[in-house]
Amino acid sequence: MPKARYEGIYQELLRRIEVGDYAYQSLLPPESELTEQFSCSRNTLRRALSMLADNLYVQPIRGKGVRVIWREKTHNAIGVLEGIESFGEYSARNGMTASTEVKVIEHILCGDALANRSGFNVGDALTRVVRVRSLDGKARQIDHGYFLESVAPGIDEDVARDSIYRHLEQDVGMKIVTSRRTVTVQLAGEEDCAYLDLGPYNCVAVMEGQSFDSNGIMFEYTCTRIHPEIFCYQMTSRR
């Protein structure tokens, strides 16, 4: 089955859910109607529905159909742990204006301490990028990113200011598949106080992430320090 076929159907159903065509807690149209709309087989449609279920947009109900369980968020969180998206994609999705200031970009070799923290191997050639990210003109997070140069080449200041993920996907041809994240809360340091307008807050949310390509190679380790006003941890669990 051509992958693009069911992925295209998935994207269209996803769009309909997110814009409210299929409301929260409503049932999707029956399979017969959807297969006719998309001129596809039941198997192709079910692959798309399975992707929606895996991403917690819908839940199949035996004997009833497929119910929408996704609901538009009412908070301004940047730290919601759903999917893999760039800072620019996040801001666009939420109707906000994003800007990026590149503080550091350099080529380094991975040392022992960074290897233990990140999962890269000692001696790996990395591009280190430090960026301050703003939403609607307010500095809201600091990204410390390390990228494996053997699979993520060509990251310069222009790329870092625009979108590293766009460069990797469109220019390099990488398929970004998986991200593993750890979230903690830490006391704010000097850098946090200098770059983020923390006001009365004395702490930041810290998200450490490891991202993998379609070959299972970890190409990125990032430590993101996020202003508490816009951070929200949200998780959906299954039993």
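FYI, it's all coordinate maths here, none of it is from the lab. All of these numbers come straight from a predicted model, not from anything done at the bench. Using ideal geometry, Cβ is built from the backbone for each residue, glycine included, and neighbour counts are taken over all protein chains shown.
Descriptive notes on the structure:
- Largest mean-square fluctuation among SER150, SER214, SER41, in a Gaussian network model of the chain whose springs join Cα atoms under 10 Å apart, belongs to SER41.
- Other residues with beta-carbon under 14 Å from the beta-carbon of LYS103 carry, at +1 per Lys or Arg and -1 per Asp or Glu, a net charge of -2.
- Considering every alpha-carbon pair of the range 3-68, the percent of pairs per 5 Å bin, from zero through the bin containing the longest distance, is 4, 19, 32, 30, 13, 2.
- Shape call, the range 150-218: gyration tensor on alpha carbons, a/c limit 1.5: oblate
- Using Cβ point charges alone (K and R +1, D and E -1), the dipole size of the chain about the Cα centre works out to roughly 1300 debye.
- GNM result for the chain, Cα springs below 10 Å: residue of VAL206, VAL68, VAL102 fluctuating most strongly: VAL68
- Nearest-0.05 FRET efficiency for ARG181 and ALA53, computed from C-beta distance (R0 22 Å): 0.55
- FRET E, pair ARG71, GLU157, Förster distance 25 Å, beta-carbon r, rounded to 0.05: 0.05
- Electrostatic bookkeeping for GLU31 treats Lys and Arg as +1 and Asp and Glu as -1; over the other residues with beta carbon under 11 Å from its beta carbon, the sum is 0.
- A simple rule links phi to the HN-Hα coupling: the Karplus curve 6.51 cos²θ - 1.76 cosθ + 1.60 with θ = phi - 60°, which for the range 45-51 gives 4, 5, 5, 5, 5, 5, 5 Hz, with x for Gly and Pro.
- Spin-label model distance (nm) - SER214 vs GLU33, 7 Å beyond Cα toward Cβ: 3.5 nm
- Residue exposure proxy: PHE38, PHE87, ordered by other Cβ atoms within 10 angstrom of their Cβ from fewest to most, comes out as PHE38, PHE87.
- Helix-only [θ]222 nm of the chain, DSSP H runs n ≥ 4, -39500 (n - 2.57) each, per residue, nearest 500: -7500 deg cm²/dmol
- ³J(HN,Hα) computed for each position of the range 124-129 - Karplus, 6.51 cos²θ - 1.76 cosθ + 1.60, integer Hz, glycine/proline x: 4, 7, 10, 9, 9, 10
- The chain: relative contact order as a whole-number percent, Cα under 8 Å and 6+ apart: 16 percent
- Cα shape, the range 136-183, gyration tensor, a/c 1.5 rule: oblate
- R0 of 35 Å, Cβ-Cβ distance GLN170-GLU12: FRET efficiency to nearest 0.05: 0.95
- Spatially, the range 88-124 and the range 195-222 are offset by 8 Å when compared through their Cα centroids.
- Percent of alpha-carbon pairs separated by more than 26 Å within the range 64-223: 30 percent
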